[in-house]
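Asker: Structure provided below as structure tokens; questions to follow.
The values are calculated or read from the model by the stated rules, or taken from the named source; none is laboratory data. The model shown is predicted, which means the values in this text are computed figures rather than measured ones. Using ideal geometry, Cβ is built from the backbone for each residue, glycine included, and neighbour counts are taken over all protein chains shown.
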Amino acid sequence: MFKINLLLLASMFLFVACSDDDDTPADVVDPDQYVLSGVYTSDISLDANNIWTIRGRVYVSSGATMTIPAGTILKAEGGTGTNASFLCVAQGGRLIANGTASAPIIMTSVADDIQPGQLVGSNLTLQQGLWGGLIVLGYAPISVSGGATAQIEGIPPSDANGLYGGSDAADNSGIYNYISVRHGGTSIGEGNEINGVTFGGVGTGTQVSNIEVVANVDDGIEFFGGSVNASNLLVWAQGDDGLDIDQSYSGTVSNSMVILGSNSDHALEIDGPEGTMEDTYTLNNITLVGADGVVGDYADFRSYAMGANNNIYAFNFPAGNDFELDYRREVQAHFVSGELSFSNIQVVVPSGDSLTGGQIFNDTTREGGSETGTKTPNADFNDGKNPGGSSFASSVAAGSQTVGADASVFSWTLAAARGATGL
């Protein structure tokens with residue numbers, strides 16, 4: 001009996017030892033399996049069941065398409081300079097990022113504890129500069145000095161993937177719909193931060209709608225030339241300008257909102273052509289929301305600005321802020337000629353300010369490229385009037401406006417979840 005038990009015990013040890021040697025853990029996950037890095041030269045499709053890490057500079061290059069399904073969360077690693085993390089769709093590449101109101105695509109920082117299926121994490125508020133941002137580059141026309149193309153800001157000059165501009169106004173860089181970009185704007189050099197979303201030379205074949213940018217160090221959304229149309233944009237708590245237009249952007253931005261934060265600059269900053277090519281933008285149905293105690297202006301129209309500004313509602317700005325014609329006399333000349341126009345601007349005028357006399361609308365144009373001296377202010381603009389005397393501005397009580405964005409389309413956003421939109 002004793003011998004039988006010894007044999008039985010020995011066989012049990014042998015069985016366990018053999019089992020330990022043969023077992024392969026079934027749940028080991030490759031830590032790099034859901035990491036995006038480097039340059040993608042062929043198509044790639046993500047899935048929404050996993051969180052994807054953006055590691056360093058990630059490019060979708062010419063001929064490649066990256067597909068991001070609704071509900072996907074991407075978290076970017078930190079880093080500055082050449083180590084900055086961002087996602088860039090280079091010329092000829094495409095991003096199909098087609099979220100929904102109930103399942104938006106979220107691009108945020110690895111510091112954010114948000115999980116799949118959630119709209120809001122629990123540990124971040126309005127922290128800025130935790131990663132780069134989203135950059136989209138195309139072949140549509142831009143107005144720059146010396147040629148038809150340029151290197152986009154935010155990407156080092158040594159990186160050839162940063163080129164944008166061309167002659168194809170109908171260029172197609174993909175679909176961008178229901179995307180929330182959060183906590184970006186890291187620096188790649190002194191005074192050179194990445195915007196939340198950058199569109200450089202992007203054409204009308206690209207679909208852009210329902211984009212939110214929250215807490216970016218630099219501008220919220222910036223258009224460098226191009227012709228793409230965009231609707232339902234929301235920028236909240238950016239460190240510089242909310243919506244920024246440069247280099248003869250010729251598209252239309254409609255039904256959009258900028259909500260200033262504690263360190264924001266302008267809600268709108270508009271520049272015109274830098275080269276010989278000239279074209280005009282259109283803003284339709286825009287709401288601008290100031291921040292208590294923050295010296296952040298309504299809008300700054302600078303350097304050859306050319307375009308139409310229609311149906312704009314502005315409120316909650318402290319006294320002393322303005323819509324400003326600024327930086328070179330051509331801005332004033334474009335206002336007089338009608339190349340820079342305003343219609344149906346409704347303002348909740350803060351106590352101590354007036355629609356007239358250069359308080360809300362202020363022509364501060366300086367002389368020429370030297371930027372020295374002053375030019376006689378345009379009295380019509382300073383009184384909220386078009387050249388010739390018809391008014392383009394009116395004072396309204398908060399909530400009684402008849403222009404501006406339909407804020408109900410932003411109910412899906414982080415800004416709405418945090419109560420910033422007033423919904």
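Asker: Here is a list of conditions, (1) within 20 Å of Arg55 (Cα to Cα); (2) assigned to a loop (DSSP other than H, G, I, E, B), and Thr108 meets all of them except one; can you say which number that is?
Answerer: Just one mismatch for Thr108, condition (2).
Asker: From Ser62, Ser37, which residue is part of a loop (DSSP other than H, G, I, E, B), out of contact with any Cys (no Cβ under 7 Å at 6 or more places or on another chain), modelled with pLDDT of 95 or more and surrounded by fewer than 16 Cβ atoms within 10 Å (Cβ to Cβ)? Quick ask: steps written out before the conclusion?
Answerer: On the way: Ser37 fails: part of a loop (DSSP other than H, G, I, E, B).
Exactly one of Ser62, Ser37 is part of a loop (DSSP other than H, G, I, E, B), out of contact with any Cys (no Cβ under 7 Å at 6 or more places or on another chain), modelled with pLDDT of 95 or more and surrounded by fewer than 16 Cβ atoms within 10 Å (Cβ to Cβ), namely Ser62.
Asker: Same structure, new question: Can you name the condition, by its number, that Gly261 falls short on among (1) within 13 Å of Gly196 (Cβ to Cβ); (2) surrounded by 24 or more Cβ atoms within 10 Å (Cβ to Cβ)?
Answerer: All conditions are met except number (2).
Asker: A further question on this structure: Please give the number of the condition Thr374 fails out of (1) buried (at least 17 other Cβ atoms within 10 Å of the Cβ); (2) modelled with pLDDT under 95.
Answerer: (1)
Asker: Let me ask you something else. Of (1) among the β-branched types (Val, Ile, Thr); (2) more than 18 Å from Phe199 (Cβ to Cβ); (3) buried (at least 17 other Cβ atoms within 10 Å of the Cβ), Ile44 satisfies all except one. Which?
Answerer: Answer for Ile44: the failing condition is (3).
Asker: While we're here: What residue, among those in the stretch 159-170 that are surrounded by fewer than 16 Cβ atoms within 10 Å (Cβ to Cβ) and among the aliphatic types (A, V, I, L, M), is farthest from Thr276 (Cα to Cα)?
Answerer: Ala160
Asker: Something else about it: Take the residues of the stretch 276-306 that are hydroxyl-bearing (Ser, Thr, Tyr) and in a loop (DSSP other than H, G, I, E, B): which is farthest from Ala333 (Cα to Cα)? Before the answer, list the steps.
Answerer: Of all residues in the stretch 276-306, those hydroxyl-bearing (Ser, Thr, Tyr) come to 276, 280-282, 287, 298, 303-304.
In the following step, the residues that additionally are in a loop (DSSP other than H, G, I, E, B) were identified as 276, 280, 298, 303-304.
Numbers: Thr276: 17, Thr280: 15, Tyr298: 21, Ser303: 11, Tyr304: 9 Å.
The extreme case among them is Tyr298.
Asker: I'd like to check something: does the stretch 242-260 contain any residue that is modelled with pLDDT of 95 or more, under 12 Å from the mean Cα position of the chain (by Cα) and part of a loop (DSSP other than H, G, I, E, B)?
Answerer: Yes, there is a match, as at least one residue in the stretch 242-260 is modelled with pLDDT of 95 or more, under 12 Å from the mean Cα position of the chain (by Cα) and part of a loop (DSSP other than H, G, I, E, B).
Here is a yes/no grid of residues against (1) touching a strand residue (DSSP E or B) at 6+ places or on another chain (Cβ under 6 Å); (2) more than 27 Å from Gly307 (Cα to Cα); (3) surrounded by fewer than 24 Cβ atoms within 10 Å (Cβ to Cβ):
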site: Leu124; (1), (2), (3): no, yes, yes
site: Pro157; (1), (2), (3): yes, yes, yes
site: Asn172; (1), (2), (3): no, no, yes
site: Thr186; (1), (2), (3): no, yes, no
site: Val197; (1), (2), (3): yes, no, no
site: Gly203; (1), (2), (3): no, no, yes
site: Glu212; (1), (2), (3): yes, no, no
site: Phe223; (1), (2), (3): yes, no, no
site: Val228; (1), (2), (3): yes, no, no
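Asker: Which strands (runs of 3 or more DSSP E) sit wholly inside the stretch 137-223 and have at least 1 residues that are touching a Pro at 6+ places or on another chain (Cβ under 7 Å) and touching a residue at least 12 places away in the same chain (Cβ under 8 Å)?
Answerer: 174-182, 187-189
Asker: Where residues in the stretch 340-363 are on the phi > 0 side of the Ramachandran plot and over 26 Å from the mean Cα position of the chain (by Cα), which of them is surrounded by the most Cβ atoms within 10 Å (Cβ to Cβ)?
Answerer: Step by step, filter the stretch 340-363, then rank; the result is Gly358.
Asker: Let me ask something additional. Residue check, Glu193 against (1) of a type in the set (Asp, Glu); (2) within 27 Å of Thr108 (Cβ to Cβ); (3) surrounded by fewer than 22 Cβ atoms within 10 Å (Cβ to Cβ); (4) in contact with a Gly (Cβ under 8 Å, 6 or more places away or on another chain), all met but one. Which one?
Answerer: (3)
Asker: Please determine whether any residue of the stretch 310-317 is crowded, with 22+ Cβ neighbours inside 10 Å, modelled with pLDDT of 95 or more, closer than 14 Å to Ser394 by Cα and of a type outside the set (Gly, Ala, Ser).
Answerer: There is at least one residue in the stretch 310-317 that is crowded, with 22+ Cβ neighbours inside 10 Å, modelled with pLDDT of 95 or more, closer than 14 Å to Ser394 by Cα and of a type outside the set (Gly, Ala, Ser).
Asker: Another question, if that's okay. Based on what the data block shows, is Val217 surrounded by fewer than 24 Cβ atoms within 10 Å (Cβ to Cβ) and either under 14 Å from the mean Cα position of the chain (by Cα) or under 22 Å from Ala420 (Cβ atoms) (or both)? It would help to see each step written out before you state the result.
Answerer: On the way: surrounded by fewer than 24 Cβ atoms within 10 Å (Cβ to Cβ): yes; either under 14 Å from the mean Cα position of the chain (by Cα) or under 22 Å from Ala420 (Cβ atoms) (or both): yes.
So Val217 passes the test.
Asker: Let me ask another. Across the stretch 232-257, which residue is surrounded by the fewest Cβ atoms within 10 Å (Cβ to Cβ) among those that are among the hydroxyl-bearing types (Ser, Thr, Tyr) and either under 26 Å from Gln127 (Cα atoms) or in contact with a Phe, Trp or Tyr (Cβ under 9 Å, 6 or more places away or on another chain) (or both)?
Answerer: Among residues in the stretch 232-257 that are among the hydroxyl-bearing types (Ser, Thr, Tyr) and either under 26 Å from Gln127 (Cα atoms) or in contact with a Phe, Trp or Tyr (Cβ under 9 Å, 6 or more places away or on another chain) (or both), the one surrounded by the fewest Cβ atoms within 10 Å (Cβ to Cβ) is Thr252.
Asker: Also, I was wondering about something else. Residues of the stretch 226-241 being touching an Asp or Glu at 6+ places or on another chain (Cβ under 9 Å) and part of a loop (DSSP other than H, G, I, E, B), which ones?
Answerer: Within the stretch 226-241, Gly226, Ser227, Val228, Gln238, Gly239, Asp240, Asp241 meet the criteria.
Asker: Something else now. Filter the stretch 50-85 down to the residues that are at positive phi and touching a residue at least 40 places away in the same chain (Cβ under 8 Å) and list them by number.
Answerer: Gly71, Gly79, Gly81
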